[in-house]
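The values are calculated or read from the model by the stated rules, or taken from the named source; none is laboratory data. Values in this document were obtained by computation on a predicted structure and should not be read as measured data. Here the Cβ is made from the backbone with ideal geometry for all residues, glycine too, and neighbour counts use every protein chain on show. Side chains included, ligands, DNA and RNA excluded: accessible areas come from the protein's heavy atoms. Shrake-Rupley method; radii C 1.70, N 1.55, O 1.52, S 1.80 Å.
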Amino acid sequence: MTATFSSLLPMTFIGGGNMAQALISGWLKQGISASQIHVVEPAAATREHLSQHLGVTCHEQATSALNASGMVVWAIKPQVFKQVALSLNGMFPQAMHVSVAAGVRSDSIGRWLDTPSVVRAMPNTPALVGLGQTGLYAGPAVNASQREQVQALMQAVGQSIWVEREELLDAVTALSGSGPAYVFYFIEAMTKAGVSMGLTPEQAQQLAVGTFTGAAELARSSSESPEVLRERVTSKGGTTYAAITSMQEHQIERLIAQAMEAARQRSIEMGHLFDQT
Ligand SMILES: NC(=O)c1ccc[n+]([C@@H]2O[C@H](COP(=O)([O-])OP(=O)(O)OC[C@H]3O[C@@H](n4cnc5c(N)ncnc54)[C@H](OP(=O)(O)O)[C@@H]3O)[C@@H](O)[C@H]2O)c1
């Protein structure tokens, strides 16, 4: 499959933290050679972890050895993006730049790096196990073949969608980017409740995690909507009915929408905050 995106190789990651590791692990599993992946990462312990566990080449700082990179993946925190990008302006003359940073807009990135070749990607951490969900946005300067290559890379770690307007990435961030944490929170809450009902922590966690996995797979593979699947297991007067009625009385749906809106607003704010030049 590397032929599909051979012009993006070798690739350089700026930042080797959680998201970089999730993407690198997925790409290695899909057959990209570790020798084609470089990571610029200031933390010595992280560099050691990356070299030992993933076999990629790590650098404390970007050097001219990386000039020929076909793709640069920006996997640093939004707060440091501008300063790091300005310091590396002109370093990667042929590269397509792919940013996974939440909130940082493509026109800011293009301005800091002096290039229109910018794709924004909003992946999530299940990319680590090949089940990531990624929202992608590219400006008009990115051509169809470049889009296809970036999409092929992202599909190696899960599924992806393109959004037509960049602001929709704020919605993607609120839904799938931050979404794994919502699911973990739900699993934690269900596990704690199960323990308070007398199950052991191990039993409760197994049942909670397995229920999410099973229900998500059912929702994915079924031709029915999640609403129909829910109604089917909610017979009036039964146990599930009692639980769902309690959730509805406490307006859980509204609370979830409010929480996602808070995430979306934070993504918008970060875009404004980190856009200033
Ligand atoms: N984690 C997620 O679920 C997720 C989902 C979607 C998008 N993202 C985005 O992915 C980006 C990275 O997030 P993360 O969770 O991977 O963060 P992270 O684990 O903190 O990784 C960022 C890494 O970049 C390093 N770094 C700092 N300054 C650098 C520099 N000048 N040059 C090169 N590397 C530098 C950091 O080193 P130090 O620790 O020494 O500072 C750290 O190892 C963020 O912008 C985030 O918005 C994350």
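With runs of 4+ DSSP H residues as the only contributors, calculate the mean residue ellipticity of the chain at 222 nm using -39,500 (n - 2.57) per run, divided by the residue total and rounded to the nearest 500.
-16000 deg cm²/dmol
Please work out how much length the chain gains when fully extended from residue 228 to residue 44, using 0.36 nm per residue of separation minus the C-alpha to C-alpha distance, in nm with one decimal.
61.1 nm
Mind checking the per residue accessible area of the chain for me, 1.4 Å probe, whole number of Å²?
54 Å²
Just the Kirkwood number for segment 179-266, please: inverse of mean 1/r across all distinct Cα pairs, in Å, one decimal.
Taking every pair of different Cα atoms in segment 179-266, averaging 1/r and inverting gives 14.7 Å.
Can you give me the distance in nm between label points at residue 197 and residue 249, each placed 7 Å from the Cα along the Cα-to-Cβ direction?
Output for this residue pair reads 1.7 nm.
Sequence neighbours fewer than 8 away in the same chain don't count; with that in mind, list the lysines whose C-alpha is under 28 Å from residue 236.
The qualifying lysines are 192.
Pulled fully out, how much extra length does the chain show between residue 61 and residue 220, if you take 0.36 nm times their separation in residues and subtract their Cα-Cα distance?
Result: 52.9 nm gained on full extension.
Which FRET efficiency value, to the nearest 0.05, is calculated for residue 235 and residue 265 with the Förster distance at 30 angstrom and r the Cβ-Cβ distance?
Computed FRET efficiency for residue 235 and residue 265: 0.15.
How high is the relative contact order of the chain, in percent, counting Cα pairs under 8 Å that sit 6 or more residues apart?
16 percent
What do you get for Rg/Rh over the chain if you use C-alpha atoms and the Kirkwood form of Rh?
Across the chain, the Cα-based Rg/Rh ratio is 1.03.
Kyte-Doolittle mean at least -1.0 and Cα extent at least 27 Å along the axis: which DSSP H helices of the chain qualify?
Span-like helices, by this rule, are 201-221, 252-275.
Separation of segment 14-40 and segment 200-277 by C-alpha centroid, Å?
About 31 Å separates the Cα centre of segment 14-40 from the one of segment 200-277.
So what does residue 134 come to for accessible area, using a 1.4 Å probe and Å² rounded to 10?
The value for residue 134 is about 10 Å².
I need the Debye-formula profile for segment 121-162: one equal scatterer per C-alpha, no solvent, reported as log10 I(q)/I(0) at q = 0.15, 0.32 1/Å, two decimals.
-0.33, -1.07
Using 7 Å Cα-to-Cβ label points, what is the residue 144/residue 79 separation (nm, one decimal)?
Once both label points are built, they end up 4.3 nm from each other.
Once label points are set 7 Å from the Cα along Cα→Cβ at both residue 34 and residue 184, what is their separation, rounded to one decimal in nm?
Here the answer is 2.5 nm between the modelled labels.
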